[in-house]
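Participant: Below you will find the structure I want to go over with you.
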Amino acid sequence: MPLTHTRELFAKALKGKYAIGAFNVNNMELLQAIVEACEEEKAPVMLQISKGARQYANPVYLKKLIEAAVSLSNIPIAVHLDHGDSFELCKECIDEGFTSVMIDGSHLPGEENVAVCKKVVEYAHKHDCVVEGELGMLVGAQHDEGEEGGGYSKGGVYTHPDEAVEFVKATGVDSLAVAIGNSHGAYKFKGDQHLNLDRLKAIKKALMEAGLGDYPLVLHGASSVPEDLVQEINKYGGKLGDDTAGVPEADIEVARRVGCTKVNIDTDLRLAMTAAVRKAMWESPKEFDPRKYLAPARNRVKELVRHKVRNVLCSAGHAFD
Ligand code: G3H
Ligand code: 13P
Ligand code: ZN
């Protein structure tokens with residue numbers, strides 16, 4: 001089966017009220033784990049490649065590995081550039097046949113973010129590629145001064161609903177990554193902080209009321225940092241801090257129901273792989289065949305992805321809708 005277009009995955013996910021898992025790929029074992037898990041769960045999936053992944057594995061290797069995975073599987077698979085940081089990188093990926101790219105200009109001043117997104121959209125749309133933009137900053141949970149008065153302050157780190165509408169209209173991006181207290185990595189929250197799901201609802205509502213329809217939103221930083229994986233890593237010699245924290249899976253479920261059509265997960269895959277490698281090495285210190293620790297690592301990632309698509313994203317069973 002050839003690649004499936006991101007546009008088609010989004011349309012079906014919006015209709016079916018489930019989220020597409022966008023899982024980061026850096027090597028063969030991660031790719032096999034993700035695709036085999038989704039195949040077994042009959043879940044459509046997005047494979048996402050970061051700039052760092054391209055530097056680590058080489059774009060040609062990644063492309064050929066993905067071609068192999070696609071040819072061996074039956075499920076719909078889209079390929080996406082994660083956090084593209086320049087027009088040039090996005091163009092490279094569009095030219096390589098990615099079905100979508102993210103242009104992340106969220107660190108730039110507002111007008112520059114708009115300008116670079118517009119430039120990518122113009123090129124991407126001519127080449128049948130879908131574009132994700134980002135507005136706001138993924139720096140974790142913060143206090144929003146405006147919130148108590150029933151409004152939202154502009155210029156903060158969270159995505160402002162009205163600014164989201166202006167941004168989507170000005171740039172023409174096809175999906176929007178929002179900042180609602182989310183962040184990357186294994187240390188997301190302190191104390192009782194969590195995602196601001198009311199803000200997410202307000203963004204979705206504003207886009208709908210502005211005539212943009214059931215607009216696809218993207219949740220970055222969606223790893224839940226499972227406690228058992230953290231404990232296992234530390235049991236077998238790791239030294240993760242005792243302040244690891246992820247997004248509760250119940251929050252992801254609400255985000256999915258509110259309209260996060262694409263949910264990005266990387267850290268949890270890294271934790272699963274690391275836990276299994278550490279355990280295998282600890283238990284068999286005389287072993288030096290990489291397959292003896294990479295095979296359990298691949299299995300552990302697969303188990304995790306099966307759980308996500310079945311119990312959290314609810315994309316399982318939707319591959320052939
Ligand atoms: O959002 C970041 C992703 O987890 C990719 O991370 O840039 O280390 O490949 P990376
Ligand atoms: P996590 O670090 O929570 O896995 O987020 C991944 C991500 O957003 C990739 O773009
Ligand atoms: Zn991200």
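Participant: Given R₀ = 41 Å, what would the calculated FRET efficiency be for Glu303 paired with His125, taking r from the Cβ atoms and rounding to 0.05?
Facilitator: Computed FRET efficiency for Glu303 and His125 comes out at 0.60.
Participant: Turning to a different aspect of this structure: Roughly how many nanometres apart are two label points built 7 Å out from the Cα toward the Cβ at Asp289 and Asp214?
Facilitator: With each label placed 7 Å out from Cα toward Cβ, I get 5.0 nm.
Participant: Next question. Return the sequence-ordered ³J(HN,Hα) values of the range 4-16 in whole Hz as given by the Karplus equation 6.51 cos²θ - 1.76 cosθ + 1.60 applied to θ = phi - 60°, using x for Gly and Pro.
Facilitator: For the range 4-16, the Karplus-derived couplings read 9, 6, 4, 4, 5, 4, 5, 4, 6, 5, 5, 5, x Hz, x marking Gly and Pro.
Participant: Also: Select from Ala177, Ala164, Ala280 the residue whose mean-square fluctuation is largest in a Gaussian network model of the chain (Cα-Cα springs shorter than 10 Å).
Facilitator: Ala280
Participant: Something else about it: Report the paramagnetic label zone for Lys17: residues of the range 240-267 whose backbone N is under 17 Å from a point 7 Å from Cα along the Cα-to-Cβ axis.
Facilitator: Taking a point 7 Å out along Cα→Cβ of Lys17, the residues of the range 240-267 whose backbone N falls under 17 Å are 251-262.
Participant: Ok, one more. May I ask for the net charge around Trp282, where only other residues with Cβ less than 11 Å from the Cβ of Trp282 are counted and Lys, Arg are +1 while Asp, Glu are -1?
Facilitator: 0
Participant: Can I ask one more? Any chance you could list the semi-axes, whole Å, largest first, of the equivalent ellipsoid that the Cα gyration tensor gives for the range 1-119, using √(5λ)?
Facilitator: After scaling each eigenvalue by five and taking roots: 25, 18, 11 Å.
Participant: Could you check the spin-label model distance between Asn58 and Lys190? Points 7 Å from the Cα along Cα→Cβ, value in nm.
Facilitator: The answer from the label model is 4.4 nm.
Participant: Applying the Karplus parametrisation 6.51 cos²θ - 1.76 cosθ + 1.60 with θ = phi - 60° to the phi angles of the range 97-112, what ³J(HN,Hα) value in whole Hz is obtained for each residue in order, glycine and proline being reported as x?
Facilitator: Values, residue by residue: x, 4, 8, 7, 9, 9, 9, 9, x, 5, 7, 8, x, x, 5, 6 Hz.
Participant: Write down, largest first, the equivalent ellipsoid semi-axes of the chain in whole Å, where each equals the square root of 5 times an eigenvalue of the alpha-carbon gyration tensor.
Facilitator: 31, 24, 18
Participant: Could you state the number of Å between the C-alpha centres of the range 267-321 and the range 1-35?
Facilitator: Between the Cα centres of the range 1-35 and the range 267-321 lies a distance of 17 Å.
Participant: Could I ask something else about it? Per-residue counts of other Cβ atoms within 10 Å, averaged by peptide: what ranking do you get for 15-24, 198-207, highest first?
Facilitator: In descending order of packing, they fall as 15-24, 198-207.
Participant: I would also like to ask the following. Kirkwood hydrodynamic radius (Cα pairs, Å) of the range 1-55?
Facilitator: The Cα-based Kirkwood calculation yields 12.2 Å.
Participant: Amide H of Thr4: which non-local residues (sequence gap of 5 or more, or other chain) have their own amide H closer than 5 Å, using H built in the peptide plane?
Facilitator: Ile77, Ala78
Participant: Suppose we keep just the alpha-carbon trace of the range 220-321; what are its Rg and Dmax in angstrom?
Facilitator: For the range 220-321, the Cα radius of gyration and maximum Cα-Cα distance read 15.4, 50 Å.
Participant: Please give, to one decimal in nm, the separation of the simple spin-label points placed at Met281 and Ser73, each 7 Å out from Cα toward the Cβ.
Facilitator: The two pseudo-label positions are separated by 2.8 nm.
Participant: Whole-Hz Karplus ³J(HN,Hα) for the range 157-171, in order, using 6.51 cos²θ - 1.76 cosθ + 1.60 and θ = phi - 60°, x for Gly and Pro?
Facilitator: 8, 6, 5, 8, x, 5, 5, 4, 4, 4, 5, 5, 5, 6, 9
Participant: Once amide H atoms are placed 1.01 Å from N in the peptide plane, what residues at a sequence separation of 5 or more from Ile20, or on another chain, have their amide H within under 5 Å of its amide H?
Facilitator: Lys262, Val263
Participant: Kindly work out what percent of the DSSP beta bridges joining two residues of the range 63-217 are antiparallel, to the nearest 5.
Facilitator: Percentage antiparallel, nearest 5: 10.
Participant: For the pairs Lys17/Lys308; Lys190/Lys302; Lys118/Lys154; Lys17/Lys201; Lys63/Lys126; Lys154/Lys188, flag any whose C-alpha to C-alpha distance is greater than 18 Å.
Facilitator: Checking Cα-Cα distances, Lys190/Lys302; Lys118/Lys154; Lys63/Lys126; Lys154/Lys188 exceed 18 Å.
Participant: Let me ask something else about it. Using only the Cα atoms of the range 49-156, what are the Rg and Dmax in Å?
Facilitator: When restricted to Cα atoms, the range 49-156 yields Rg and Dmax of 17.1, 55 Å.
Participant: A follow-up question, please. On alpha-carbon atoms, Rg over Rh for the range 158-241 using Kirkwood Rh?
Facilitator: 1.14
Laboratory data are not the source of any read-out in this text; all were calculated from the coordinates shown. Computed from a predicted model, the values in this text were never measured in an experiment. Neighbour counts are summed over all protein chains in view; Cβ atoms, including those assigned to glycine, are modelled from backbone coordinates with ideal geometry.
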